[in-house]
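Presented below is the structure to which this report refers.
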Amino acid sequence: VSIMAVMMVPVSRIGGSGLVPVSRRMVLRVVGCCCGAALAAVILLIAHGSANVLIAGALFGVMIGRHIENGPTAMAYSGTQFVLAMLVALVPDSYVAPDPDAGVARLAGILIGIALLEPVLGVFHIFSWKRTIAAKDDAA
């Protein structure tokens with residue numbers, strides 16, 4: 001799901017620019033996720049397993065992320081990712097026994113997915129570019 005969200009760029013915007021829009025979204029995703037993860041880590045340290053602090057921290061994080069998302073258009077997507085990182089890290093499976101390791105594992109999964117996606121996109125782009133050139137040569 002995370003990788004599909006990164007790839008959500010209208011086809012009409014990709015055109016001749018190749019992977020630039022997708023790569024731009026990945027940079028914004030990493031920035032938003034890292035900032036959200038940093039704030040979530042501080043809140044997790046302060047919370048010491050307190051459900052009230054986790055809930056208040058999640059509300060605070062959503063408020064900040066939405067403020068970023070409604071700000072300048074260039075950085076709006078990072079606000080969305082900030083909120084998602086905060087929610088992934090601060091909403092535990094159970095408020096009875098919150099486990100910060102689960103949130104850290106989820107954030108690591110997002111970053112690993114992004115790190116794996118960029119090289120795959122690059123290779124796909126190179127091979128599709130070569131096929132397009134070969135098709136043009138065959139047509140001529």
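The values are calculated or read from the model by the stated rules, or taken from the named source; none is laboratory data. All figures in this text were calculated on a predicted structure; none of them were measured in a lab. The protein model used for the area step is the full one, side chains on, heavy atoms only, and it has no ligands, DNA or RNA in it. Shrake-Rupley method; radii C 1.70, N 1.55, O 1.52, S 1.80 Å.
For the reader, a short list of remarks on this structure follows.
- Here the stretch 118-132 is the region considered, the condition is being within 18 Å of the chain's Cα centre (by Cα) and modelled with pLDDT under 75, and the residue that is nearest to L84 (Cα to Cα) is E118.
- Single residue of the stretch 63-94 satisfying the filter (open to solvent by 90 Å² or more (accessible area, probe 1.4 Å) and outside any helix (DSSP H, G or I)) that is nearest to A47 (Cα to Cα): D93
- Filter pass, R29 being in a helix (DSSP H, G or I), of a type in the set (D, E, K, R) and at pLDDT below 80: no
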